[in-house]
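Take a look at the structure below.
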Amino acid sequence: MKDLSTEYLGLKLKNPVLAASSGLTGNLDGIKTLEKGGVAAVVLKSIFEEEILLETSRHLSEAEKDPMIYSSLSETLDYIDRHIREDNLGKYLELISEAKKSVQIPIIGSINCVSNEDWMHFAKKMEDAGADALELNLFLHPADFQNKDFEKAYFRIIEKVLEKVSIPVAIKISKYFTRLGLTVKALSESGVSGMVLFNRFFTPDIDIEEITLTGGNILSTPQEQSETLRWIAIMSNKVSCDLAASTGIHTGKDVIKMLLAGATVTQVASTLYKNGPDQVKRILTKMERWMTEKGFDSVSQFRGLVSNSYEGNPATFDRMQFMKQFSEIG
Ligand SMILES: Cc1cc2nc3c(=O)[nH]c(=O)nc-3n(C[C@H](O)[C@H](O)[C@H](O)COP(=O)(O)O)c2cc1C
């Protein structure tokens with residue numbers, strides 16, 4: 001029996017595979033099924049900041065005072081108003097407390113946020129409902145031409161949330177920063193306990209028959225994991241918090257690679273949709289077999305073993321690899 005246990009955000013986990021935030025983690029039955037499948041913790045489906053702001057007219061009128069924030073949020077507020085059922089917030093808190101009563105694994109609440117408007121009180125309510133930790137999906141989009149303070153906004157949001165809650169907070173970010181390495185390092189020193197690299201934006205496609213923009217694949221493919229792998233390997237020795245690897249992780253082999261790169265844990269969503277919750281059992285079986293073959297007894301014995309190539313200045317190492325690879329092709 002191999003020791004797959006690990007610690008993430010100060011939580012003791014039985015293995016390093018978490019259910020990422022998705023439709024599968026938005027209801028009690030789904031959470032119970034995922035626990036049976038073997039996941040070590042669940043990140044609940046996100047509640048949107050706009051839903052919290054809509055909760056009371058007080059918050060909405062505060063948003064209205066700031067024309068810039070209100071104008072950028074107003075379309076989403078309208079959308080939420082039309083499409084999202086009443087009392088989503090109450091149901092969300094109920095889901096947290098019911099899940100805490102029904103399953104043994106940690107429950108991580110999730111808020112998808114874009115501004116430092118006054119929605120942080122809800123983070124505190126999630127803590128009071130029993131959430132073991134909180135994940136903020138910081139959904140600031142690099143194509144936002146109005147937001148000139150893109151990076152500063154991250155730090156302001158984190159500061160305000162950390163003032164409100166005492167449970168550990170993780171942030172889920174995209175890879176779209178001017179200087180990703182330096183920014184990830186600075187964010188890891190902001191007081192958060194963990195970072196999820198990376199979230200996955202809407203993937204656009206174009207229908208050439210209809211000549212319209214359409215949605216691409218909702219589910220990821222394993223080919224999408226390489227950017228996550230690269231940045232986990234680059235950053236794992238340089239950050240001051242835990243790292244969760246996310247996007248394109250589908251199999252046991254993928255999980256092992258992320259751990260070798262230095263990830264504290266992995267988060268999976270698409271593979272659960274494609275292969276069902278029992279995919280986690282298959283992932284864990286593969287891990288145990290591989291550990292036996294390689295002579296490892298615990299995850300801590302091999303975590304980060306391959307990240308040392310990126311010690312020093314990772315740019316130099318990547319450039320050398322690039323030169324080597326391309327000089328070999330005639
Ligand atoms: C149907 C679906 C719903 C999702 N909903 C959320 C969400 O509410 N909040 C969030 O942070 N991420 C959400 N995600 C993104 C996943 O948490 C994850 O970051 C992304 O799918 C990449 O991981 P994967 O390659 O394992 O799918 C969702 C993904 C899917 C497929």
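The values are calculated or read from the model by the stated rules, or taken from the named source; none is laboratory data. Quick caveat: nothing in here was measured; it's all calculated off a predicted structure. Neighbour counts are summed over all protein chains in view; Cβ atoms, including those assigned to glycine, are modelled from backbone coordinates with ideal geometry.
Of all residues in the range 219-245, those satisfying the criterion of being within 14 Å of the ligand (Cβ to nearest atom), outside any helix (DSSP H, G or I) and among the polar types (S, T, N, Q) are SER220, THR221. Taking each residue of the range 181-209 that is farther than 19 Å from CYS113 by Cα and more than 13 Å from the ligand (Cβ to nearest atom) and looking for partners that are of a type in the set (Val, Ile, Thr) and assigned to a helix (DSSP H, G or I) with beta-carbon atoms closer than 9 Å, six or more apart or interchain, yields GLY181/ILE234. Selection of the range 151-176 for residues being more than 16 Å from the ligand (Cβ to nearest atom) and either part of a strand (DSSP E or B) or without any contact (Cβ under 8 Å) to a residue 24 or more places away in the chain (or both) yields only LYS152.
Does SER298 qualify as being surrounded by fewer than 22 Cβ atoms within 10 Å (Cβ to Cβ), small (Gly, Ala, Ser) and farther than 23 Å from MET1 by Cβ? Judged against the criteria, SER298 is not a match.
Taking residues in the range 304-323 that are in contact (Cβ under 8 Å) with a residue 24 or more places away in the chain and within 23 Å of VAL255 (Cβ to Cβ), and partners anywhere that are surrounded by 11 or more Cβ atoms within 10 Å (Cβ to Cβ) and among the acidic types (Asp, Glu), the pairs with Cβ atoms closer than 9 Å and at least 6 places apart or on different chains are TYR310/ASP318. Taken over the range 272-287, residues that are buried (at least 16 other Cβ atoms within 10 Å of the Cβ), farther than 19 Å from LYS32 by Cβ and not hydrophobic (A, V, I, L, M, F, W, C) amount to 2.
For residues that are in a strand (DSSP E or B) and under 24 Å from LYS14 (Cβ atoms), scanning just the range 37-53, find the one that is farthest from the ligand (Cβ to nearest atom). Top of the filtered list is ALA41.
Could you grab me the full set of residues in the range 90-129 that are hydrophobic (A, V, I, L, M, F, W, C) and assigned to a helix (DSSP H, G or I)?
LEU93, LEU95, ILE96, ALA99, PHE122, ALA123, MET126, ALA129
Scanning the range 109-159 for residues that are crowded, with 16+ Cβ neighbours inside 10 Å, modelled with pLDDT of 90 or more and over 19 Å from VAL192 (Cβ atoms) yields LYS125, ALA129, GLY130.
Of everything in the range 1-33 that is over 22 Å from GLU127 (Cβ atoms) and among the hydrophobic types (A, V, I, L, M, F, W, C), the residue that is surrounded by the fewest Cβ atoms within 10 Å (Cβ to Cβ) is MET1.
Might you let me know whether the range 250-260 holds any residue that is surrounded by fewer than 14 Cβ atoms within 10 Å (Cβ to Cβ) and within 22 Å of LEU11 (Cβ to Cβ)? Within the range 250-260 (the criterion being surrounded by fewer than 14 Cβ atoms within 10 Å (Cβ to Cβ) and within 22 Å of LEU11 (Cβ to Cβ)), the answer is no, since none of the residues qualifies. Tallying residues that are assigned to a loop (DSSP other than H, G, I, E, B) and not aliphatic (A, V, I, L, M) within the range 204-218 yields 4. For the subset of the range 166-213 comprising residues that are farther than 29 Å from ILE107 by Cβ and acidic (Asp, Glu), which member is nearest to the chain's Cα centre (by Cα)? Taking the candidates together, the pick is ASP205.
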